[in-house]
Amino acid sequence: MRQGRVTIGLFNSYDPNKFREAHRRALARAGPLALAYDANLATFGFPFPEELRQPAEVAAWVAESTSIGDDGGYLRELSQKGRFQCFPYPGKGFPPQLGEPVLTTSKPEEQLRISLPQLVSTIKEGQSVLLVFGLGPHGVPRKAASIPRLNLDITSGGFSLETCTALGAMMGALGALLAQ
């Protein structure tokens with residue numbers, strides 16, 4: 001059986017109208033993680049300039065203005081491989097082609113909680129997953145956070161982590177367990 005695909009989902013909880021440095025940094029940092037751990041990367045609700053229509057154009061635009069992630073080269077490489085996608089905010093659900101959405105949160109709802117070993121088992125059984133990370137101090141807004149049927153706290157102790165720290169912790173732990 002073939003292993004499922006992991007997609008890192010970055011949900012814009014900052015300004016929905018203005019692209020900020022925090023957006024740029026999150027993309028530049030998530031790109032190398034996605035490549036390193038053979039994952040895809042998707043954005044939700046990012047206010048990219050209107051003239052940027054394709055993910056490759058977004059990757060090139062971000063790469064021109066960052067020194068992070070090999071000067072944005074990793075994000076470009078990810079887009080060239082067709083593993084970087086941009087979506088509007090989800091209405092009633094996240095795109096199903098990205099897999100089962102899993103909200104990454106320090107406050108998982110008990111009835112929706114999944115452990116990291118359970119998630120790894122699901123992926124090894126062939127189920128693709130979308131790991132939803134909120135950008136900004138308040139994470140994913142309540143309406144969007146209610147969409148995923150699964151919640152995962154990477155710390156298992158309710159510790160709130162900055163987004164890029166959570167991304168690194170999640171992908172490192174997930175990658176180690178998937179390699180076993």
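Quick note: the coordinates plus some simple rules give every number you see, no bench work behind them. Because the structure is predicted, anything quoted here is derived from the model rather than measured. Don't worry about glycine lacking a Cβ; one is built from the backbone with ideal geometry, like all the others, and counts go over all protein chains shown.
The residues packed around residue 103, meaning those with a beta-carbon under 14 Å from its beta-carbon, carry a net charge of +1 if Lys and Arg are +1 and Asp and Glu are -1.
Below 26 Å Cα-Cα, how many Lys pairs turn up in the stretch 6-178? Only count pairs eight or more apart in sequence, or on different chains, if you could.
Numbers: 18/92; 18/143; 81/124; 92/107; 92/143; 107/124; 107/143.
Step by step, the pairs that qualify in the stretch 6-178 add up to 7.
The length gained on full extension between residue 107 and residue 121, counted as 0.36 nm times the residue separation minus their Cα-Cα distance, comes to 2.8 nm. The Cα atoms of the stretch 1-130 cover 41, 30, 23 Å along the three principal axes, with the biggest extent listed first. Compute the separation of the alpha-carbon centres of the stretch 114-180 and the stretch 1-65 and state it in Å as a whole number. Computed from Cα coordinates, the inter-centre distance equals 17 Å. Under the simplified labelling scheme, the residue 147-residue 87 pair shows an inter-label distance of 0.5 nm, with each label point 7 Å from Cα along Cα→Cβ.
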